[in-house]
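Below is one structure, written out as structure tokens, with a few remarks after it.
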Amino acid sequence: MNDFREKGGPRRVGQVKEITSLANPVIKDIKLLAQKRHRDESGSFLAEGLKLVIDALDLGWTIRTLVYSKAGKGKPLVEKTAARTVAAGGLVLEVSDKVMSSMTRRDNPQMVAGVFEQRWSPLGNVRPQKTETWVALDRVRDPGNLGTIIRTADASGASGVILVGECTDPFSMETVRATMGSVFALPLVRTSAEDFLRWKKGSGAKIVATHLAGAVDYRTIDYREKPVVLLMGNEQSGLPEELAREADALARIPQAGRADSLNLAVATGVMLFEARRHILSLDGKN
Ligand code: SAM
């Protein structure tokens, strides 16, 4: 058994539990986080990778459990992260490779994983400022698309992602993986279409909705006069009429070739980087 004590931190000694059995109840609980019902009930989720766990701690996310495999034992960064977990009141587990594989459902799992508390931002707290760009996703269904969009929104300098209606869970393992850590970097909001439209009225934001039948070329829109919310439609059915008609602009990304539409995450990336390009030129940064 190891003891971890963070240098200069609270004088609290944490003990590492060694677990090799798949039947261990703590491991069973972590495995259940693969199911949305259990993530919702526990308000937690699993994120894999040492860098990701360190970034999350740096950003102030609450860790409940740190898990590392034998390969991590004695590694200074892993030990430091274990000490931080203990200082934050979390549990530290050293597990066999077999347990790590089964927990993360991977043949070649990462050396480290963390169970974190979910964090949602209330829509009422979102008051976009003039140079901000937000993304709103109508009923996004594909976990890979959502993860890619969160990662792209982070990389483009967007301020956050609003999930409108019944969306796939941003805290599922697949989505968290696809975000490559950006799930910790941006506020996530969930709301209904009705509340989104109500919020829009008082927000001062310009809603730029994207639509295959959009009347405006996305490159000709003014993204600088007001804060912008880029509203993207569902993968199968696109934007419903009740959302499209409330938009301040219906933007189209002109396409060549035979494809009838772009993938949702690609379309969001194109829109985000165009909107941010306008804002950066406003700041004199390019
Ligand atoms: N069959 C759907 C439809 O008719 O809208 C296709 C949806 S598309 C895969 C998913 C979303 O990506 C769209 O609702 C829109 O927000 C965006 N999108 C994809 N290609 C686009 C384009 N060329 N112009 C504007 N938005 C686009």
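The values are calculated or read from the model by the stated rules, or taken from the named source; none is laboratory data. Worth saying up front: this structure is predicted, and the values here are computed from it rather than measured. Every residue, glycine as well, gets a Cβ built from its backbone with ideal geometry; the counts of neighbours run over all protein chains shown. Protein only, heavy atoms only, side chains kept; ligands, DNA and RNA dropped before computing areas. Shrake-Rupley method; radii C 1.70, N 1.55, O 1.52, S 1.80 Å.
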>> Taking amide H atoms as placed 1.01 Å from N in the peptide plane, list the residues 5 or more away in sequence, or in a different chain, whose amide H sits under 5 Å from that of residue 132.
In response: 228
> Quick one: what does P(r) look like for segment 123-281 with 10 Å bins over all Cα pairs, in whole %?
Replying inline: 11, 45, 37, 6, 0
> Roughly how big is segment 1-158's charge dipole about its Cα centre, with Cβ charges of +1 (Lys, Arg) and -1 (Asp, Glu), in debye to the nearest 20?
Replying inline: 160 debye
> Tell me, what is the percent relative contact order of the chain, built from C-alpha pairs under 8 Å that lie six or more residues apart?
Replying inline: 18 percent
> Straight-line reach from residue 206: which lysines have a Cα under 28 Å away, not including same-chain ones fewer than 8 places off?
Replying inline: 130, 226, 285
>> Tell me the Rg and the Dmax, in Å, that the Cα atoms of segment 24-98 produce.
In response: 12.4, 36
>> What do you get for the angle between helix 143-156 and the principal long axis of the chain? Use alpha-carbon atoms, 0 to 90 degrees, nearest ten.
In response: 80 degrees
> Of 111, 86, 45, which is farthest on the positive side of the dipole of segment 16-117, counting Cα position, with +1 on Lys and Arg Cβ, -1 on Asp and Glu Cβ, and the Cα centre as origin?
Replying inline: 111
> residue 220: accessible area at probe 1.4 Å, nearest 10 Å²?
Replying inline: 100 Å²
> Within straight cross-link reach of residue 17, meaning Cα distance under 30 Å, which lysines are found once same-chain residues fewer than 8 apart are removed?
Replying inline: 7, 28, 31, 36, 51, 70, 73, 75, 80, 98
> Per residue and in cubic angstrom, what volume does the convex hull of the Cα atoms of the chain have?
Replying inline: 157 Å³
> Assigning unit charges at the beta carbon (Lys, Arg +1; Asp, Glu -1) and nothing else, what dipole magnitude in debye, to the nearest 20, does the chain show about its Cα centre?
Replying inline: 800 debye
>> How are the alpha carbon pair distances in segment 183-270 distributed across 5 Å bins from zero to the largest one, expressed in percent?
In response: 3, 12, 23, 26, 20, 12, 4, 1, 0
> Ignoring ligands, DNA and RNA, what percent of the 1.4 Å accessible area of segment 206-286 is carbon and sulfur?
Replying inline: 49 percent
> Using the heavy atoms of the protein chains alone and a 1.4 angstrom probe, what is the accessible area of the chain per residue in square angstrom?
Replying inline: 48 Å²
> What is the helix-to-structure angle for 76-87, meaning the angle in degrees between its Cα long axis and the longest Cα principal axis of the chain, kept from 0 to 90 and rounded to the nearest 10?
Replying inline: 90 degrees
>> At 1.4 Å probe size, with the rest of the protein present, what percent of the exposed accessible area of segment 16-117 is carbon and sulfur atoms?
In response: 51 percent
> Say we join alpha carbon atoms closer than 10 Å with springs in a Gaussian network model of the chain; which of 228, 26, 183 then has the biggest fluctuation?
Replying inline: 26
>> I'd like to know which of 126, 191, 19 lies farthest towards the positive end of the charge dipole of the chain, counting +1 on Cβ of Lys and Arg and -1 on Cβ of Asp and Glu.
In response: 19
> Counting Lys and Arg as +1 and Asp and Glu as -1, each charge on the Cβ, what is the dipole of segment 123-281 about the Cα centre in debye, to the nearest 20?
Replying inline: 460 debye
>> Rolling a 1.4 angstrom probe over the protein chains, ignoring ligands and nucleic acids, what is the accessible area of residue 64 in square angstrom, nearest 10?
In response: 90 Å²
> Put +1 on the Cβ of each Lys and Arg and -1 on the Cβ of each Asp and Glu in the chain; which of 159, 65, 251 then has its Cα farthest toward the positive end of the dipole?
Replying inline: 65
